[in-house]
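Every number here is computed from the coordinates shown, using simple stated rules; none is lab data. Predicted model, so just to flag it, every value in this text is computed and none were measured. Note that each Cβ is placed from the backbone with ideal geometry, even for glycine, and that neighbours are counted across all protein chains shown.
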Amino acid sequence: MARRDSNSTTAISPMNGADLGRAVYDPTAPSAIEVERIVKKYGEFTAVDDVSFAVKEGEIFGLLGPNGAGKSTLIRMMTTLIPITSGRASIAGHDVAKEPNAARRMIGVIPQALTSDLDLTVEENMEIYAKLYDVPAKERKHSIDELLELVDLTKWRDAATKTLSGGMRRRLEIARGLVHHPRIFFLDEPTTGLDPVSRVAVWEMLGNIKERRQLTILITTHYMDEADRLCDRIAIVDHGKLVALDAPMALKASVPGSNVIEAQFENPPADWEQKLHGLDDVTSVQHEGAGMYRVLTGNGSRTTTQLVEMAVGASVPVKSLSVQNTTLDDVFVHYTGRQLRDELQKAYAFVMPQRPGLQP
Ligand SMILES: Nc1ncnc2c1ncn2[C@@H]1O[C@H](COP(=O)(O)OP(=O)(O)OP(=O)(O)O)[C@@H](O)[C@H]1O
Ligand SMILES: [Mg+2]
């Protein structure tokens with residue numbers, strides 16, 4: 001089983017030692033999900049704009065994009081929750097518009113908002129779902145036992161859900177979403193709002209579950225590191241459009257330059273960005289404010305040497321310097337012209353006004 005490319009400069013990665021079982025993309029494998037030229041309009045506004053992709057059986061497929069990109073809207077259409085304006089989606093060969101019930105039987109869905117009942121115990125939350133999905137009584141206990149074990153909540157089965165941490169509650173909801181043995185599992189931002197340790201626990205758990213249950217997983221996220229570690233292939237969506245789709249390594253290889261130098265200088269002169277651009281092998285330079293520059297280069301060590309020599313020669317002190325391999329952040333900038341983190345900050349700072357005429 002191939003280990004992921006360990007290309008970050010982070011010395012200690014929380015994922016070291018874990019094997020998430022990345023599958024090799026096989027274009028001839030049967031499709032679990034197919035989306036063809038799908039569009040969702042809300043009045044004049046196009047939330048999803050002519051998106052097509054296919055997810056192969058057994059893949060972990062990531063939909064990556066900033067707030068408002070259209071990720072949840074795509075999931076809602078694929079999972080029969082909202083009507084499709086045009087185009088089509090099918091789940092294991094069932095057209096979601098024509099055979100919604102057949103499609104629904106194949107899927108488990110973890111929506112973006114937490115939905116477990118706080119007043120029930122962990123086991124009661126599982127039980128209710130099992131009954132709702134007609135899991136035969138004699139299978140219920142076994143399935144619940146197995147799933148609670150998989151998400152490491154066995155000893156919490158009698159605890160009230162309101163006493164769980166956010167990460168544990170998310171794990172409970174993931175276990176609950178699998179109680180009827182779906183083949184295709186949709187997770188909408190399962191780790192947003194979790195602390196880094198809980199996020200890693202959720203990733204590892206998803207990797208284990210996928211192996212045990214032979215699932216196809218479609219997951220949305222705006223965490224680049226998560227998509228990079230977890231997904232076999234990633235679709236980057238922005239403003240409702242699909243802007244790139246490939247394996248994480250191939251996406252990174254598609255960006256000109258193979259290293260990123262992040263350097264902070266004290267009082268750099270006005271033409272510093274231009275000067276950085278003039279160094280050998282540099283393909284792009286971004287000024288991030290406060291004397292911080294992000295430099296993409298095809299040769300990290302040569303550019304670093306030249307950069308330091310230039311700074312010494314110009315008496316511009318270097319406050320910090322790091323060299324990394326290209327990340328999915330750089331892929332996002334390359335395909336959208338913007339930093340994902342800026343987009344996320346903007347979205348958090350902006351309180352959405354009430355929209356008139358909301359419609360499904
Ligand atoms: N019911 C609705 N009526 C009108 N506009 C909507 C509705 N639902 C979503 N939108 C708009 O469609 C766009 C896509 O929203 P969506 O929730 O799919 O984004 P997202 O990628 O899931 O974002 P987030 O990361 O914030 O969850 C946004 O601009 C959103 O405001
Ligand atoms: Mg969403």
With no solvent and one equal point scatterer per Cα, compute the Debye intensity ratio I(q)/I(0) for the range 256-325 at 0.13 Å⁻¹ and report its log10, rounded to two decimals. -0.28
Output the 0 to 90 degree angle, nearest 10, between the alpha-carbon long axis of helix 122-132 and the longest principal axis computed from the alpha carbons of the chain. 60 degrees
Highest first, please rank the peptides 81-93, 63-75 by the mean number of other Cβ atoms sitting within 10 Å of their residues. 63-75, 81-93
May I ask for the angle, rounded to the nearest 10°, between helix 137-150 and the longest principal axis of the chain, with both axes built from Cα atoms and the value confined to 0 to 90°? 20 degrees
Taking only Cα atoms, what is the 0 to 90° angle, nearest 10, from helix 340-349's long axis to the longest principal axis of the chain? 70 degrees
What lysines could a cross-link reach from K319, if we take a straight Cα to Cα line under 22 Å and drop same-chain neighbours fewer than 8 places away? K275
Highest first, please rank the peptides 167-174, 201-208 by the mean number of other Cβ atoms sitting within 10 Å of their residues. 167-174, 201-208
Between H142 and T28, how high is the FRET efficiency from 1/(1 + (r/R0)^6) when r is the Cβ-Cβ distance and R₀ = 41 Å? Nearest 0.05. 0.70
Debye calc, one equal point scatterer per Cα of the chain, no solvent, log10 I(q)/I(0) at q = 0.09, 0.14 1/Å comes to -0.57, -1.20
Pairs K141/K162; K155/K252; K56/K155; K131/K210; K98/K141; K71/K252: which exceed 31 Å Cα-Cα? K155/K252; K56/K155; K98/K141
Report the antiparallel proportion of the DSSP beta bridges in the chain as a percent, rounded to a multiple of 5. 70 percent
